[in-house]
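Structure record follows, encoded as structure tokens.
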Amino acid sequence: MADKGGLEGVVVARSRLCSIDGQNGVLVYGGYDVGDLAEHSSYEEVCFLTLYGELPTKEQFDAFLSDLSGHRALSDETAQVVDMLASHAAPMEMLRTAVSSDSFDDPDKDSNDAEANRRKAMRLIAKMPTMVARYARRRAGQEPIAPDPALGHAANFLQMLTGERPSPAAAKTFDVALILHADHEMNASTFTARVIASTLSDMHSAITGAIGALKGPLHGGANEQVMHLLEAIPEGASVEDEIRARLDRKERIMGFGHRVYKTWDPRAVILKRFSRRLADESAEPRWFEMSEAIEKTVVGEKGLYPNVDFYSASTYHYLGVETGLFTPIFAMSRVVGWAAHVIEQHSDNRLIRPSSEYVGPGPRSYEPIERRSQAA
Ligand SMILES: CC(C)(COP(=O)(O)OP(=O)(O)OC[C@H]1O[C@@H](n2cnc3c(N)ncnc32)[C@H](O)[C@@H]1OP(=O)(O)O)[C@@H](O)C(=O)NCCC(=O)NCCS
């Protein structure tokens, strides 16, 4: 196969964290199938598994939960950063900056050892939802809502965002979405985090860089683009015709295609089920119906399958989450995967420093500026 660039098929690390079978659409975290975890586990338990390599005992889990819920509140300084950014920064700009600034007072900031890194990871997992919810409320001119230690990670976030206690079904749906986004092998943002960690830089720098990589529409930013696509199709229009027209214009349909999956992304299969269920209970079933019509057209026309971002868009929309928060929500779930990869990189490090093939001009001698005639 000719090298198309993009490091396709290149193995850049040995990892115990997560594996993908792209031909059969299987995703496994530490040996556990993601479907099994989505059905029986919780985001917090998946965090423990990802950070420690094993599912917790009851005692370990209780201690982990209490640590996690005890760190949800933001420091005054980070809260001020979030408030300051609410009026003029976009959601991912806020998150990138707030996470970076949260390192200033982190008690473990000068240590890269595994335990210090796990503590930093735990604090980031706990705090990022508070940053996102606080920002969203400030932006809407509302008072922030304090974290509720009685609630699980998913339910607490929804309550901090909306001000209302979510139904058990809504909390479960959101929890599953968080589980499905927790880790994903050597995706672009995880690779970014590992490259940064490989210089022996710190956890917060790696996570800040990863947030920057996730933001792009070819990666985590795709979920918001999916919602924009759904909204751009006029009510009553033929979804098939709209999508075919875009494909004829060589536009990419966001939420489809994947570097590794050559069939259904298993996360999309699960999210489709949740989106359908929410649509059945909603006064606006059209978001799911349109999504399904788009899916049929793109699979039929291009042989490209939905990825995680496709059905997460309608799922979040049904849960009442504004579109601009979709990618920050991806980041606040993926932070555990990034952090675990940073720990793994630090535990067996060699600087990641690939090479490039030079295709520029041959040797030439320097001309003083007054003798240069050719414009660049
Ligand atoms: C994810 C993605 C970047 C992976 O792509 P990749 O492995 O780098 O594949 P390429 O970009 O080389 O695309 C290969 C071909 O498929 C086409 N293609 C890939 N994804 C497409 C999409 N979503 N819509 C339309 N065409 C697509 C490309 O145009 C290209 O066609 P060509 O060979 O005729 O030029 C790509 O599928 C994409 O852009 N998807 C939309 C964004 C998205 O959903 N991202 C989230 C990923 S989880």
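Reachable aspartates and glutamates from LYS109, Cα under 12 Å, same-chain residues fewer than 8 places away excluded?
Result set, ordered by chain and number: ASP202.
Once the mean 1/r over all distinct Cα pairs of segment 222-318 is inverted, what Kirkwood radius in angstroms do you read off?
Values: mean 1/r = 0.0757 Å⁻¹.
Over segment 222-318, the inverse of the mean reciprocal pair distance is 13.2 Å.
Reported to two decimal places, what Rg/Rh ratio describes segment 40-156 when computed on Cα atoms with Rh from the Kirkwood expression? Kindly include the intermediate steps, with their values, before the conclusion.
Working: Rg = 14.9 Å, Rh = 15.1 Å.
Radius of gyration over Kirkwood radius for segment 40-156 works out to 0.99.
Got the relative contact order for segment 224-376 handy, in percent, Cα pairs under 8 Å and 6 or more residues apart? Please report the intermediate quantities before stating the final value.
Values: 114 pairs, mean separation 41.3, N = 153.
Once divided by the residue count of segment 224-376, the mean separation gives 27 percent.
So which residue, out of TYR29, TYR52, TYR261, gets the largest mean-square fluctuation from a GNM of the chain using Cα contacts under 10 Å as springs?
TYR52
Collect residues whose amide H, placed 1.01 Å from N in the peptide plane, falls under 5 Å from the amide H of VAL26; neighbours closer than 5 in sequence don't count.
So VAL26 has HN proximity to ASP21.
Please compute the modelled spin-label separation between VAL359 and ASP76, points set 7 Å along Cα→Cβ, answer in nm with one decimal.
Simple spin-label model gives 5.6 nm for this pair.
If each residue's Cβ is checked for other Cβ atoms within 10 Å, how do HIS40, HIS71 rank with the fewest at the top?
Values: HIS40 9, HIS71 17.
Fewest-to-most Cβ neighbours within 10 Å comes out as HIS40, HIS71.
Can you pull out the GluC sites (Glu not before Pro) in segment 249-334 whose DSSP state is coil and whose Cβ has at most 11 other Cβ atoms within 10 Å? Could you put the intermediate results ahead of the total?
On the way: sites: GLU251, GLU281, GLU289, GLU292, GLU295, GLU301, GLU322; in loops: GLU251, GLU281, GLU322.
When the GluC sites (Glu not before Pro) of segment 249-334 are filtered for loop state and at most 11 Cβ neighbours within 10 Å, GLU251, GLU281 remain.
Expressed as a rounded percentage, what relative contact order does the chain have, with Cα pairs under 8 Å and six or more residues apart?
Taking the mean separation of contacting Cα pairs over the length of the chain, I get 23 percent.
Kindly point out which whole DSSP H helices in the chain project their C-alpha atoms 30 angstrom or further along the helix axis while averaging a Kyte-Doolittle hydropathy of -0.5 or above.
Values: long enough: 114-139 (37 Å, -0.80); 326-347 (32 Å, 0.52).
The qualifying helices are 326-347.
Report the per residue volume, in Å³, of the convex hull enclosing the C-alpha atoms of the chain. Walk me through the numbers on the way to the answer.
Numbers: hull volume 73.9 nm³, N = 376.
For the chain, the hull spanned by Cα atoms encloses 196 Å³ per residue.
Mean residue ellipticity at 222 nm from the helices of the chain, using -39,500 (n - 2.57) per DSSP H segment of n ≥ 4 over the full residue count, to the nearest 500 deg cm²/dmol? Before the final figure, lay out the partial values.
Working: 16 runs with 210 residues, N = 376.
Mean residue ellipticity at 222 nm (helix-derived): -17500 deg cm²/dmol.
Using a 7 Å offset from the Cα along the Cα-to-Cβ direction at both GLU164 and ASP67, what is the distance between the two label points in nm, to one decimal?
About 3.6 nm, to one decimal.
Does segment 145-208 come out rounded, prolate or oblate by the C-alpha gyration tensor, with a ≥ b ≥ c the root eigenvalues, rounded set by a/c under 1.5 and, if not, prolate when a/b is larger than b/c and oblate if not? Show your work: numbers first, answer last.
On the way: a/c = 4.10, a/b = 2.12, b/c = 1.93.
Here segment 145-208 falls in the prolate category.
For Cα pairs less than 8 Å apart in space and 6+ apart in sequence, what is the mean separation divided by the residue count of segment 134-286, i.e. the relative contact order in percent?
Working: 90 pairs, mean separation 18.5, N = 153.
Over segment 134-286, the number comes to 12 percent.
Any read-out appearing in this document is the output of simple, stated calculations on the displayed coordinates, not a laboratory observation. The structure presented is a predicted model; accordingly, all values stated were derived computationally and were not measured. All Cβ positions, glycine included, derive from the backbone under ideal geometry; neighbour counts span all protein chains shown.
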